[in-house]
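Report on one structure; see the data block that follows.
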Amino acid sequence: MFQTKITAMFGIKYPLVVGTMMHLAKAEMVAAASNAGALGILASAMFPTKEDFREEVRKVKNLTDRPFAVNLNLFPAMRPVDNREYLDVIFEEGVKIVETSGHKAPEELAREVKGHGLTLVHKCVGVRYALKAQAIGADAVTVVGYENGGATGTLDVTTLCLVPRVVDALQVPVIGGGGVTDGRGFLALLALGAQGVILGTAVLVAEECPLHPKVKQAIMEATEVDTMIIMRTIQNSHRVWTNDAARKVAELEKQQAGLMEIVRMAGGDKAKRMYQEGDLEAGTISCGQGIGLVKKVMPMKDIIEGIVSQATDLRQKLAVM
Ligand SMILES: Cc1cc2nc3c(=O)[nH]c(=O)nc-3n(C[C@H](O)[C@H](O)[C@H](O)COP(=O)(O)O)c2cc1C
């Protein structure tokens, strides 16, 4: 059932990846995704020290014996991260899969990761970036279209058009995403040639996602027109849920504010306050246009199995059309 090159490469049950999420993809969420048969990805950049990160990796290992990955962040951040420190922990703790995401294909990191025999996945938003990732040794490439939650880049190509283009251009397997929240989107991306599908917005309402119930409620009440792109003026375009904080960022951009002023408003501690205390206007939260289809808080296992079972039924129906 949906066995692909990605299920074989990662050793997972379903060709589903639960995308990394700053301040949210901690041990509980990552392990829940992996235990549900998908690949969970721990976000390393949220841990201030090497030892904090090591503790979280160990927590994941205690919560699941299934494969999981660690993300190394290459996006601009308030607190610059030294990915080499995280890499040391990754090697020492025996993590087997590394995902990188950000503006530049990480040649040096790729050499290190591949040199240690790990599986490398790079996430990006365009054909030329995907080709570059393949050239530097990525075993698989994730591409997300314009509708996705989080970084959108500047090319603005939708998932429907981007995924088959990248599938045709690459030899390595492609994981597609951006806007997938249910079995229909999942099956559609497999039909486009993706060997795996990444989810983000769909799992914001997972029971295991450490988001305040008020934020989950706001997400469930939102529709597909309630997201906007911010931070384009500082070459860090992100699709987020439209709230006061996002509008303030847009206003700062109109006034041609500098990088730090914008990043301070858009991320970091303000976002953490929103996530933990449920102050809906405190910060911004990445969200894709799929938000309009996210309607119920459920255990991660039910979200993942629901997607697979809906896709299984749909595949049968399509076969007799
Ligand atoms: C709240 C949130 C935070 C995210 N944080 C990150 C991140 O720190 N790094 C990253 O590479 N992707 C991040 N993403 C993107 C996801 O990993 C995934 O690629 C994306 O959500 C898939 O698109 P979808 O939301 O339309 O399903 C984030 C997404 C969301 C919704």
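The values are calculated or read from the model by the stated rules, or taken from the named source; none is laboratory data. Computed from a predicted model, the values in this text were never measured in an experiment. Heads up, the Cβs are rebuilt from the backbone with ideal geometry, glycines too, and the neighbour counts pull from every protein chain shown.
Yes/no matrix, rows are residues, columns are (1) without any contact (Cβ under 8 Å) to a residue 40 or more places away in the chain; (2) within 16 Å of the ligand (Cβ to nearest atom); (3) of a type in the set (A, V, I, L, M):
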{"position": "82", "(1), (2), (3)": "yes, no, no"}
{"position": "87", "(1), (2), (3)": "yes, no, yes"}
{"position": "92", "(1), (2), (3)": "yes, no, no"}
{"position": "98", "(1), (2), (3)": "yes, yes, yes"}
{"position": "112", "(1), (2), (3)": "yes, no, no"}
{"position": "121", "(1), (2), (3)": "no, yes, yes"}
{"position": "138", "(1), (2), (3)": "yes, yes, yes"}
{"position": "157", "(1), (2), (3)": "yes, yes, yes"}
- When the residues of segment 204-253 are filtered to those that are of a type in the set (Val, Ile, Thr) and more than 30 Å from residue 304 (Cα to Cα), which remaining residue is farthest from the ligand (Cβ to nearest atom)? 233
- Message: Condition first: part of a helix (DSSP H, G or I) and away from the ligand (no atom under 14 Å from the Cβ). Now tell me which residues in segment 184-203 satisfy that.
- Response: 187, 190, 191
- Item | For residue 316: the one exception among (1) without any contact (Cβ under 8 Å) to a residue 24 or more places away in the chain; (2) surrounded by 14 or more Cβ atoms within 10 Å (Cβ to Cβ); (3) part of a helix (DSSP H, G or I) | (2)
- Note on the structure: The condition of being in a loop (DSSP other than H, G, I, E, B) and within 17 Å of residue 205 (Cβ to Cβ) holds, among 295, 301, only for 295
- Kindly indicate the residue of segment 103-127 that is over 20 Å from the mean Cα position of the chain (by Cα) and part of a loop (DSSP other than H, G, I, E, B) and also surrounded by the fewest Cβ atoms within 10 Å (Cβ to Cβ) among those meeting that condition. 117
- Item | Search result, residues across segment 221-249 that are under 23 Å from residue 103 (Cβ atoms) and surrounded by fewer than 21 Cβ atoms within 10 Å (Cβ to Cβ) | 228, 229, 232, 233, 234, 235, 237
- Item | Matching residues, segment 141-161, being aliphatic (A, V, I, L, M) and surrounded by 24 or more Cβ atoms within 10 Å (Cβ to Cβ) | 141, 143, 144
- Note on the structure: Note on segment 8-29: residues more than 12 Å from the ligand (Cβ to nearest atom) and either in contact with a Phe, Trp or Tyr (Cβ under 7 Å, 6 or more places away or on another chain) or without any contact (Cβ under 8 Å) to a residue 12 or more places away in the chain (or both) are 8, 14, 15
- Query: For residue 76, all conditions in the list (1) more than 16 Å from the ligand (Cβ to nearest atom); (2) out of contact with any helix residue (DSSP H, G or I) (no Cβ under 6 Å at 6 or more places or on another chain); (3) part of a loop (DSSP other than H, G, I, E, B) hold save one; what is the number of the exception?
  - Reply: (1)
- Given the conditions (1) away from the ligand (no atom under 16 Å from the Cβ); (2) in a helix (DSSP H, G or I), every one holds for residue 172 apart from (2)
- Has segment 87-102 got at least one residue that is under 29 Å from residue 269 (Cα atoms), crowded, with 18+ Cβ neighbours inside 10 Å and modelled with pLDDT under 95? yes
- Go through 265, 220 for me and flag whichever is at pLDDT below 95 and either within 24 Å of residue 25 (Cβ to Cβ) or in a helix (DSSP H, G or I) (or both). 265
- Message: Consider segment 30-46. How many of its residues are more than 11 Å from the ligand (Cβ to nearest atom) and either free of Cβ contacts under 8 Å to residues at least 12 places away in the same chain or among the polar types (S, T, N, Q) (or both)?
- Response: 2
